[in-house]
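Student: Let me give you the structure first, and then I'll get to my questions.
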Amino acid sequence: MHLDPFAVLTAFGLIFLAELPDKTMFASLAMGTRMRPLYVWFGTSAAFLAHVAIAVGAGSLIGLLPDWIVKLVSAALFAFGAFMLLRGGDGDEDDAASGATASGFRPVFATAFATVFISEWGDLTQITTANLAATEGTWSTAIGAAAALMSVSALALVAGRFIAKRVPLRTVQRIGGLCMAGLAIWSLTEIFVG
């Protein structure tokens, strides 16, 4: 098991920025106002860990391809991620969790897990995690991505209202989009330089 601290930080930063304006953050915030926040966090974290494992597994398979193809696919996926973040808001905040209230650990955990597990399929962060696993390494990406996703969920549960009032989500989207555009360009240059 090889851990690259730079790859862990890269995965954390990209996934954190991409997940901040995502529907899952708003779902966590909504569930946290109706249910015990700690139980919600356990449920969302378990769902995120499952998705990271799936995405890293897919990225490892992509990593078996020739190097230039991996870099080309990475550049395309990063460009797609940049486009998705820079194109503007898409109403994700309206997709927050339903108004149902659950109590007790099991029902809250199950509700939070199911909400995140279902909504994250094919999500930008899952695609980005697979992409990073193919290029930056499996364990480093898994640790960085899982930490970022769990941090965003915790942040939403603890300080979601404060952030929504003070930091425009469009600003967060732009920063994340520019980072992904930069990585797309970097991946393309590696094909020709490396």
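The values are calculated or read from the model by the stated rules, or taken from the named source; none is laboratory data. Quick caveat, the model's predicted, so the values are computed rather than measured. Every residue, glycine as well, gets a Cβ built from its backbone with ideal geometry; the counts of neighbours run over all protein chains shown. With ligands, DNA and RNA removed, areas are computed over all heavy atoms of the protein, side chains included. Shrake-Rupley method; radii C 1.70, N 1.55, O 1.52, S 1.80 Å.
Student: Just wondering, is there one or more residues in segment 59-72 that are closer than 23 Å to PHE192 by Cα, β-branched (Val, Ile, Thr), part of a helix (DSSP H, G or I) and free of Cβ contacts under 8 Å to residues at least 40 places away in the same chain?
Tutor: Yes, because at least one residue in segment 59-72 is closer than 23 Å to PHE192 by Cα, β-branched (Val, Ile, Thr), part of a helix (DSSP H, G or I) and free of Cβ contacts under 8 Å to residues at least 40 places away in the same chain.
Student: Filter segment 26-52 down to the residues that are under 15 Å from ALA145 (Cα atoms), open to solvent by less than 40 Å² (accessible area, probe 1.4 Å) and of a type in the set (A, V, I, L, M) and list them by number. Walk me through how you get there before you give the answer.
Tutor: Of all residues in segment 26-52, those under 15 Å from ALA145 (Cα atoms) come to 44-52.
From what's left, open to solvent by less than 40 Å² (accessible area, probe 1.4 Å): 44-48, 50-52.
Residues satisfying the conditions are ALA46, ALA47, ALA50, VAL52.
Student: Report, by residue number, each residue of segment 115-142 that is in a helix (DSSP H, G or I), in contact (Cβ under 8 Å) with a residue 24 or more places away in the chain and closer than 26 Å to ARG36 by Cα.
Tutor: Here is the first cut: in segment 115-142, the residues in a helix (DSSP H, G or I) are 115-119, 124-136, 138-142.
From what is left, the residues that are in contact (Cβ under 8 Å) with a residue 24 or more places away in the chain are 115-117, 119, 124-136, 138-142.
THR115, VAL116, PHE117, SER119, THR125, listed by residue number.
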